[in-house]
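All remarks here apply to the structure that follows.
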Amino acid sequence: MDFAMEDWNHTLTQSLLVVAVTFLSALHILRWLRSGSLLNEPPGPFAWPIIGNAAQIGNAPHIYFTRMAKKYGNVFQIKLGCRTVVVLNGAAIKQALVKQAPDFAGRPDFTSFQYVSNGDSIAFGTVTDLWKSKRKVAQATVRSVSTGNAHTKRAFQNHIVCEVKELLQIFLDKTREQHYFQPMVYLVVSTANIMSAVCFGKRYSYDDAEFQQVVGRNDQFTKTVGAGSMVDVMPWLQYFPNPIKTIFDNFKSLNLEFGMFIAKKVAEHRKTIESSTIRDMTDALILSMDQIRDTVGKDHVPPTVGDVFGASQDTISTALQWIILILVRFPDMQQRLQEEVDKVVDRESLPSIEDQPKLPYVMAFIYEVMRYTSFIPLTIPHSTTADTTIMGYSVPKDRVVFVNQWSINRDQSIWTEPDSFDPQRFLNPDRSLNKDLVGNVMIFSLGKRRCIGEDLSKMQLFLFTSLLAHQCHISSDPAHPPQMDYLYGLTLKPLPFYIAVKLRDNMSMLEKFYSL
Ligand code: HEM
């Protein structure tokens, strides 16, 4: 009798549960159907309760988005945890970021963004009048210490050449000691040293522990702020032990340490600055940003120095990793680069920025690395600043927007055989660089949020590539053939690879340059 009663209770509980789950799911499906059709919001895949589409985006969200764009069109909508996200692909990107620029220039109020420079970052802050002034000053200052004029270009070039010499020396030492070695960490320190020289007038040795600690944690940063990062869309993940919480805790502590490093540098500069001599970018920012501080009463120099120093490291060092990986993956292209550089630069000189127009294959190679790897596949997440429409769909204010740069770089209507690596595609029949076509590569974004370090980065990548081609030969470890696989984050990082480096000649020109 007791057993029968227990069984009956059990069956009743089960039935109630099934009814409740069915009812909730039906309600959810109904709301999903109505939200799209009645409000004319963009279409998109069905989103599960609580997690939305988080499980579908996988470890390469840009590929998932590109696939979804084929099904739903260039504007579609997904749900990530508690956030609805509009994903822009292909032609919709230019429409939104350029033609409707003010509407799509915001940044979402993500938890992680508040930890970057205590919420005062230009890159992670949303649009306000103050933000506009800070961005304008930052952009002008970056130019004034790098690509602004012939004099600043030369000074910036000097920093790069000195650092390439140090890097090459390390590469040769490591080849001698280990035969094949992983170059990643040296590329990170080398990149950080160039920006450290520009920002603070100081470079660090490769085994400086403090510097390594500050600059060597890019991976943890990019995992958290890249589009599709879970902590921002499921904030409850912060409150109990799990792998995402661990990544987020690391992210908070690295931002704190980075902030302290920058604050110390700015404080040192403030003590010794003389307005008649601008020693470096920090001095230049102190002089220009303090004009803004007078009206709002906050010190904007540390977050802006942090933006420039931080934004340059992970991006440029990742680009350099891909350049080296591709040089060893396609040795015939490395040879072609060497041949082109040798025709223009003799052994008694070093490649310089003036040589750039005479080295179209070098530039074509760099653009193809940027296009093919699309190593920033999605921009930093945007948000809408007003109720708006895009391609006929309604998008409300404050909606999170992902911009899929990858979809443009692999678009079959723009590129022939987009999945092949072929620098030649950027050369005209007369072997000059096809300026229209290179303009189609999208890696620095567009519009009001376009990267402020684009010119500086292109100059650095050009000098790095042409100096390496002129000075050395790089080969891969036959035991570890180079793979093009990567780890997803704000930047796509190639998986570890091994190289050996030998000089083509000797380092006398670099040494002579260094001693000047
Ligand atoms: C190859 C190197 C680089 C690439 C591919 C790159 C790409 C990008 C991308 C995709 C964005 C996001 C744009 C958006 O959200 O729509 C961005 C933003 C930004 N970048 Fe770069 N970047 C590079 C180097 C640099 C350097 C060297 C600096 C500093 C001098 C820099 C400073 C910034 C800043 C401050 C922002 C924020 C702009 C804003 O939010 O308005 N970047 N960059």
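FYI, it's all coordinate maths here, none of it is from the lab. All figures in this text were calculated on a predicted structure; none of them were measured in a lab. Cβ coordinates were reconstructed from backbone atoms using ideal geometry, including for glycine residues, and neighbour counts include every protein chain displayed.
In what order do 217, 143, 67 fall by count of nearby beta-carbon atoms within 10 Å, going from fewest to most?
The most exposed by this proxy come first: 67, 143, 217.
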Task: Simple label model, 7 Å out from Cα along Cβ direction - residue 394 to residue 291, nm - done: 4.4 nm
TODO: For segment 77-100 and segment 213-279, write down the distance between their C-alpha centroids in whole Å.
DONE: 27 Å
TODO: May I ask you to derive the relative contact order of the chain, considering only C-alpha pairs under 8 Å and at least 6 residues apart, and to give it as an integer percent?
DONE: 22 percent
Task: Lys pairs under 21 Å by Cα in segment 190-273, provided they are eight or more residues apart or on distinct chains - done: 7
Open item on the list: Can you tell me the length gained on complete extension of the stretch residue 144 to residue 512, counting 0.36 nm per residue apart and subtracting the Cα distance?
Closed with: 129.8 nm
TODO: Mind giving me the FRET efficiency for residue 330 and residue 267? R0 is 41 Å, r the Cβ-Cβ distance, nearest 0.05 is fine.
DONE: 0.30
- [ ] Name the long-range amide H neighbours of residue 427: under 5 Å, sequence gap of 5 or more, or other chain; modelled H, no Pro or chain starts.
- [x] 434
- [ ] Multiply the residue separation of residue 48 and residue 257 by 0.36 nm, subtract the distance between their alpha-carbon atoms, and state the gained length in nm to one decimal.
- [x] 71.4 nm
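Just to verify a number: FRET efficiency for residue 250 and residue 430, C-beta to C-beta distance, R0 = 45 Å, to 0.05?
Approximately 0.30, to the nearest 0.05.
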Open item on the list: Can you show me the helix-derived [θ] at 222 nm for the chain, built from DSSP H runs with n ≥ 4 at -39,500 (n - 2.57) apiece and divided by the number of residues, rounded to the nearest 500.
Closed with: -17500 deg cm²/dmol
Open item on the list: If you average the alpha carbon positions of segment 417-491 and of segment 151-175, how far apart do those two centres end up, in angstrom?
Closed with: 19 Å
Open item on the list: Run the simple label-point estimate for residue 205 and residue 483 please: 7 Å along Cα→C-beta, distance reported in nm.
Closed with: 3.6 nm
TODO: Go through segment 323-424 and name the trypsin sites (Lys or Arg not before Pro) that are in a DSSP coil and have 15 or fewer other Cβ atoms within 10 Å of their Cβ.
DONE: 347, 397
Task: Sites residue 298 and residue 59 - FRET efficiency at Förster radius 30 Å, r taken between beta-carbons, to 0.05 - done: 0.15
TODO: Could you please report the charge total around residue 157, scoring K, R as +1 and D, E as -1 over all other residues with beta-carbon less than 12 angstrom from its beta-carbon?
DONE: -1
Open item on the list: Please give the charge dipole size of the chain, origin at the Cα centre, charges +1 on K and R Cβ atoms and -1 on D and E Cβ atoms. Round to the nearest 20 debye.
Closed with: 1060 debye
